[in-house]
Amino acid sequence: MNDVIIIGSGAGGCAAAHALVGAGLKVLLIEKGEHLPQDGSTLDPQQVVHEGRFRSRERWQDGNGKDIEPEEYFNVGGKTRWYGAALLRYGAGEFAADAAHGCAAWPLGAADLEDSYQEAERLLGVRRFDCESDLATITRRLRRHAPQWQTQPLPLGLSESIQQDTNEARHFDGFASVRRLKGDAETAFLHDLRAAPNLQLLTGSTVVDLVPAGLYTRRIAGVRLADGTTHFARAVLLAAGALHSPRLLQRYLLAQGLEHSLPCADQVGRNLKLHLLTAMVAVSAGVKQDLLRKTSLFLHEDFPHSSVQPLGFDGELISTLIPRFVPRTLARLIGNRAYGFFLQTEDAAHPDNRIIAASGEANAVPVMDYEPQRSPAALAEHRALAARLRRDLIRSGMLAFSQRIGITGTAHASGTMMAGTDPADSVVDATGRVHGLDGLYVVDGSVLPRSSRVNPSLTIFAWSLRSARLLAQALLASAMTRRTA
């Protein structure tokens, strides 16, 4: 029998596998998707952006019953294979509650994650790159007219040698590296474990049910796959992501009649956070030559819950952000003279923003009920942020236009099984264990009580490493006790 089963091989799943396998435990890692091809197709804008070849295509509905397709990926390494590798820590204040902004408190503080942050940064190869010429000019002109904008180097999980590979350097943000030049979950945490005798990676396998320990339904003993196969372990870790992990738990609670008796049951799936997001394109006369582009973080004291970072998009990719009514030849001409920016604002932890698993009815689909209006303070700040940056870029000599990223933009999804001390408003405790259930832990972004003003990836890696280390200690101590009894 396995010591631990991990469902999902994204940030949380691979980081947990690294810690648990390193501790000598026997781990089964189950991934719904397969390994990505190494033929260069994952760097091809036509296949990745225009055709959406690698996206999941899973059908959902929003809260109003409209069909949607969230931008999800099922493959080894999860969404981290496609992320932009911006790896920032949460600020110390972002672990505390902020009632005015609708933000919940963490059950731990920044100091509790310090060691795990350091370990994650080391394994992911986090480094800072020099600000390139065009961005330096934009920043200098921006701050000349609006000195309140502050910049700092953006920590990136990229190999130093990526700058010698133009194709990889121009296609790391939203693309999957072929040469492992990006510190993603597979490259940084899983790749070196390939020969470990105590790790089994099962790909192309969908977990459909959690399995109880016989009649004791408050202990999870294993999982059941779509092909009917059942696997057992001393502990099961949910790491399928904020959209998918809560659906597994919701189905289990309903099947076992625990949907009303388990104290945290009503919180499963609630408090979905996506960040309020806007893509902005700024155009000026000169052709832009920067390679990486995504090297600086922009902050403004008037917008304490927000940040801005350049998109790692070259002119070809920026042209895809230009409205379709613009002729493509003109769009490419504009794209070559443009810089892209990614604006994000922390949204509230609102219980009505939620994930609901598909019912057992024919043709039923899962529901993602999310409304930005449920985060009024965040919405007001985000709109003001976009207006201020647009105005200041125009004053700096750049024509700027923007587009909000809607509900299907789930790159930063978090919060659907929040960590906390009280089962009445959270799902897991400070170690990742689900309140009221034995043997079930959560190590993906669904635990995050706050979305922060920066990308969540590094914090997910750090949470998972910490939770897995604590679990390993408990399992090893339990095994030692049994041997000496």
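Bear in mind these aren't lab numbers, they're just calculated from the coordinates by the rules spelled out. This structure is a prediction, so every number in the text was calculated from the model and none was measured. Cβ placement follows ideal geometry from the backbone for every residue including glycine, while neighbour counts extend to all protein chains displayed.
Here the chain is assigned +1 on the Cβ of each Lys and Arg and -1 on the Cβ of each Asp and Glu. Its dipole about the Cα centre then comes out at about 680 debye.
Loop-located GluC sites (Glu not before Pro) across the range 333-396 with a Cβ neighbour count of 16 or fewer within 10 Å are GLU361, with loop assigned by DSSP.
On full extension of the chain, what length is gained from GLN164 through ARG143, given 0.36 nm per residue of separation minus the C-alpha to C-alpha distance?
Details: separation 21, 0.36 × 21 = 7.56 nm, distance 3.08 nm.
This chain segment gains 4.5 nm when fully extended.
Here's how it looks for LYS26: its modeled amide H is under 5 Å from those of ASP3, VAL4, which are all 5 or more places away or on a different chain. In order along the range 114-131, the phi-based Karplus estimate (6.51 cos²θ - 1.76 cosθ + 1.60, θ = phi - 60°) of 3J(HN,Hα) comes to 4, 4, 6, 4, 4, 5, 4, 4, 5, 5, 7, x, 5, 8, 10, 10, 4, 5 Hz; Gly and Pro are listed as x.
Look at the dipole of the chain built from charges on Cβ: of GLY78, ASN64, ALA364, the Cα furthest out on the positive end belongs to GLY78. Backbone phi angles across the range 416-428, fed through the Karplus curve with coefficients 6.51, -1.76 and 1.60 (θ = phi - 60°), yield HN-Hα couplings of 7, 9, 4, 7, x, 9, 10, x, 6, 9, 8, 10, 10 Hz in residue order; Gly and Pro are listed as x. Rounded to the nearest 20 debye, the dipole magnitude of the range 238-327 is 240 debye, with +1 charges on Lys and Arg beta carbons, -1 on Asp and Glu beta carbons, and the Cα centre as origin. The modelled label-to-label distance for the pair GLN46/ALA96, using points 7 Å beyond Cα in the direction of Cβ, is 5.5 nm. Computed per residue of the chain from DSSP H runs no shorter than four, each worth -39500 (n - 2.57), the mean residue ellipticity at 222 nm is -7500 deg cm²/dmol.
Close amide-amide hydrogen proximity is noted between VAL211 and ALA221, GLY222, VAL223, ARG224, each under 5 Å apart and 5 or more residues distant or on a separate chain (H modeled in the peptide plane; Pro and chain starts excluded). Computing FRET efficiency as 1/(1 + (r/R0)^6) for LEU215 and ALA477, where r is the C-beta to C-beta distance and R0 is 35 Å, gives about 0.85. With θ taken as phi - 60° and the Karplus curve 6.51 cos²θ - 1.76 cosθ + 1.60 applied, the whole-hertz 3J(HN,Hα) list for the range 192-203 is 6, 9, 4, 9, 5, x, 9, 10, 10, 9, 10, 9 Hz, x standing for glycine and proline.
Pairs of lysines in the chain whose Cα atoms sit within less than 19 Å of one another amount to 5, provided the residues are eight or more positions apart or on different chains.
Percent relative contact order of the range 431-485, based on C-alpha pairs within less than 8 angstrom and at least six residues apart? Dividing the mean separation by the residue count of the range 431-485 yields 31 percent. In the chain, Cα pairs under 8 Å separated by at least six residues give a relative contact order of 24 percent. Less than 5 angstrom separates the built amide H of ASP98 from those of CYS103, ALA104, all sequence-distant by 5 or more or on a different chain.
How much FRET efficiency would the formula 1/(1 + (r/R0)^6) give for ALA364 and ASP112, where r is the Cβ-Cβ distance and R0 is 45 Å, rounded to 0.05?
About 0.65, to the nearest 0.05.
The Cα center of the range 372-434 and the Cα center of the range 109-158 differ in position by 19 Å. In the chain, a dipole from Cβ-located charges (positive for Lys and Arg, negative for Asp and Glu) runs towards its positive end, and of ASN336, ALA110, SER307 it is ASN336 whose Cα lies farthest in that direction. Relative contact order for the range 360-444: 11 percent, from Cα pairs under 8 Å spaced at least 6 residues apart, divided by residue count. May I ask for the distance between the Cα centers of the range 33-106 and the range 285-355, given as a whole number of Å? Rounded to whole Å, the Cα centres lie 16 Å apart. Only one residue of ALA462, THR408, SER426 has its Cα farthest out toward the positive end of the dipole of the range 404-468, where Lys and Arg carry +1 and Asp and Glu -1 on Cβ, and that residue is THR408.
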